[in-house]
Amino acid sequence: MPVMILLLSGLVISAMACVMIRDLLKVAITLAAVSAILSVIMFLLGAHLAAVFELSVCSGLITVVFISAISMTRVISKEESAEKDRARRKRFILLPVILIAVLTGALFILWPHLNSLIPYAEAANAGNEMTIIWAGHKADLLGQIIIILAGVFGVLIFFKEIEKK
Amino acid sequence: MTLLFILFIISAALLIVVGIYSLVATRNLMRILLSIEILTKAVSLVIIGAGYETGKMAAAQSYMITIIVIEVMLLVVATGIVFGVYKNTASIDTTKINDLKG
């Protein structure tokens, strides 16, 4: 249980860092860290297949796409950067206050619903995930294939533009 | 509800607040994509937690895989669009993209 609390806190703190850090390259790396922490949580809960997907795709592929896109944008001057930094700090000054308010509100609402202090439910893995995916979610699979094709065309166009440049 | 599920819901709520706040406050198109990504992570967290709570982890995993595929493709296509915008306007600032404004 302490491990899970630590991981969930790490997840929220990384997400906050992700939106507050100025350098976009560091932001991409922090986003990869968020995905990695989420995949560890999934692995601990027994969702091994989803954890592997999350780690390889979200932590790997998305970071590569982000960094490729960031590398194509121009570097701004130091004065412009300092000015934008000040404006960003002003805009994000309310975020910690809102987060604390949401945390308190959520605790007030959810605490009466707490039935058991046992951290883990009775682990029951109803059915094999492969059977469920291939037998019960055929329409989803078709949709995924179409979406992957659309994404592949998107990547092709993206890298064609980079080559031209 | 178990304590673990409550912690999951609270963490997801905090992630959603971070994502929506960033979505509203930022003017950079890449950061907007990043906020959408954080919102997706919150949804993933709730689905996995619910799967564990109800003992239907296999079903939750199948939904997770669908979500991950859609999330990645959305991001890739959106990055292509952002790159197109950058090529045309030399900026990824949303305040400068006002060509269609009446």
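The values are calculated or read from the model by the stated rules, or taken from the named source; none is laboratory data. Note that the structure is a prediction, hence the values are computed from the model and not measured. As a convention, Cβ positions derive from the backbone with ideal geometry for all residues, glycine included, and neighbour counts pool all protein chains shown. Please note that ligands, DNA and RNA were not included when accessible areas were found on the heavy atoms of the full protein model with its side chains. Shrake-Rupley method; radii C 1.70, N 1.55, O 1.52, S 1.80 Å.
Looking for something farther than 26 Å from B:D93 by Cα and open to solvent by 30 Å² or more (accessible area, probe 1.4 Å) - is there at least one such residue anywhere in the range B:61-68?
Scanning the range B:61-68, I find at least one residue that is farther than 26 Å from B:D93 by Cα and open to solvent by 30 Å² or more (accessible area, probe 1.4 Å), so the answer is yes.
Among the helices (runs of 4 or more DSSP H) confined wholly to the range A:26-104, which include 2 or more residues that are of a type in the set (A, V, I, L, M, F, W, C) and within 28 Å of A:I5 (Cα to Cα)?
A:48-53
Could you please find all residues in the range A:13-25 being without any contact (Cβ under 8 Å) to a residue 12 or more places away in the chain and either closer than 19 Å to B:I48 by Cβ or not in a helix (DSSP H, G or I) (or both)?
Answer for the range A:13-25, where residues must be without any contact (Cβ under 8 Å) to a residue 12 or more places away in the chain and either closer than 19 Å to B:I48 by Cβ or not in a helix (DSSP H, G or I) (or both): A:I21, A:D23.
Identify, by number, the condition in (1) more than 12 Å from B:L29 (Cβ to Cβ); (2) in contact (Cβ under 8 Å) with a residue 24 or more places away in the chain; (3) open to solvent by 30 Å² or more (accessible area, probe 1.4 Å) that B:K87 doesn't meet.
(2)
Conditions (1) within 21 Å of A:A69 (Cα to Cα); (2) at the interface with chain A (Cβ under 7 Å from one of its Cβ atoms), marked per residue:
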| site | (1), (2) |
| --- | --- |
| B:L3 | no, yes |
| B:I20 | no, no |
| B:L33 | yes, no |
| B:I36 | yes, no |
| B:V46 | no, no |
| B:T54 | no, no |
| B:T66 | no, yes |
| B:M73 | yes, yes |
| B:F83 | yes, yes |
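Within the range A:61-85, how many residues turn out to be at the interface with chain B (Cβ under 10 Å from one of its Cβ atoms) and open to solvent by less than 40 Å² (accessible area, probe 1.4 Å)?
Counting residues in the range A:61-85 that are at the interface with chain B (Cβ under 10 Å from one of its Cβ atoms) and open to solvent by less than 40 Å² (accessible area, probe 1.4 Å) gives 8.
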